[in-house]
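Report on the following structure.
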Amino acid sequence: MGKTVLIVDDSNTMRKIVSRALRQAGIDFSEILEAGDGQEALDVLANNQVDIVLSDINMPNMTGLEFLKAKAEDEAIKDIPVIMISTETGADIIDQAKALGAKGAVKKPFTPDLINEVLAPLL
Amino acid sequence: MEFVHKIQAATEEIFATMIFLDLTAGEQIDQKVEELGCYVSAMIGLSGGFNAILGLHCPAAVGMAIGGAMLGIDPEEVDEDTKDALGEITNMLAGGLKESFATEGIDLFLAIPTTISGNSYKISAPSGSNRVLVPFAIEAGRFYIDLKYSLA
């Protein structure tokens, strides 16, 4: 059965590109949901059964790190795996993200193969 | 502080990985943005080891070609998708510069990108700013990566 993925990015363009990359990577997703920032992502997670989240870090309203922190404090959603997809992939930021529960990171720009490489072990 | 090669390398990586348009990088030039014949500009702020505005300036046809290739569509005008795509390119470019400068011990922080378009606008930087302007060519025409910076 296909998985449900949530793509979190303030750029509509990047959400479309990530969505396309998932299809090109050949991963079987039954549904791809989208959110424009961390708060929208929390709202989506509260109302949907999501298997994995792909999130940007540098977003207005609620950043990816703030989203991870809020998610970690919510028993109902804290175990849903999150992969960061961002231009912000310096060691310090990724260490912060992993300390808050992120399972991995993909640097923008990326290829579908790279997305597949990071996601496959989590599905 | 070296900028030109970092800008060229980061731009080439983005085009090779996510846009798939043949790209030719030029050498640094010295021109005012209002003299470049551009219709759309995407910009992002950087702060930290130095303060800067990084911009991508291009004519409408070039912006549509880049945005269309990135999204797999054929836009008829510089619409919101095109502007969002160009903003995301500056975001990735700034991320590439951040990563490159981090290896030299220079830490940078990125703002959120923004894009403007129109037939007549000027982009000003604080007086005393330094400037690096690098042209690139694709089949649809030229675009420019523009970095105005001042040392913190």
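Readers should treat all values here as calculations from the given coordinates under stated rules, not as data from a laboratory. Note that the structure is a prediction, hence the values are computed from the model and not measured. FYI the Cβ positions are ideal-geometry reconstructions off the backbone, even for glycines, and counts take in every protein chain you see.
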Name the helices (complete DSSP H segments) of chain B with a Cα length along the long axis of 30 Å or more and a Kyte-Doolittle mean of at least -1.0, or state none.
B:80-102
If each residue of separation counts as 0.36 nm, what is the full-extension length gain between A:L123 and A:D74 once their alpha-carbon separation is subtracted?
15.5 nm
Value of Rg/Rh across the protein assembly as shown [Cα atoms, Kirkwood radius]
0.98
Would you mind pulling out the separation of the Cα centroids of region B:79-111 and region A:55-88, in Å?
20
A:D37's amide H: which non-local residues (gap 5+, or another chain) put their own amide H closer than 5 Å, with H modeled 1.01 Å from N in plane and none for Pro or chain starts?
A:D9
Taking a straight Cα-to-Cα line shorter than 17 Å from B:K122, and setting aside same-chain aspartates and glutamates fewer than 8 residues away, one finds B:D30, B:E34, B:E35, B:D146
Using a simple charge model, +1 on the beta-carbon of Lys and Arg, -1 on the beta-carbon of Asp and Glu, nothing else, what dipole does chain B show about its Cα centre, in debye to the nearest 20?
580
Excluding B:A85 itself, calculate the net charge of residues whose Cβ lies under 14 Å from the Cβ of B:A85, where each Lys or Arg counts +1 and each Asp or Glu counts -1.
-4
Note on region B:4-151: contact order normalised by length, alpha-carbon pairs under 8 Å, 6 or more apart, percent, works out to 36
Chain A, relative contact order [Cα under 8 Å, separation at least 6], %
25
What does the net charge come to around A:S30 if you take all other residues with beta carbon closer than 11 Å to its beta carbon, with K and R at +1 and D and E at -1?
-2
Taking only DSSP H segments of four or more residues, each worth -39500 (n - 2.57), what value at 222 nm results for the protein assembly as shown once the sum is divided by all its residues, to the nearest 500 deg cm²/dmol?
-10500 deg cm²/dmol
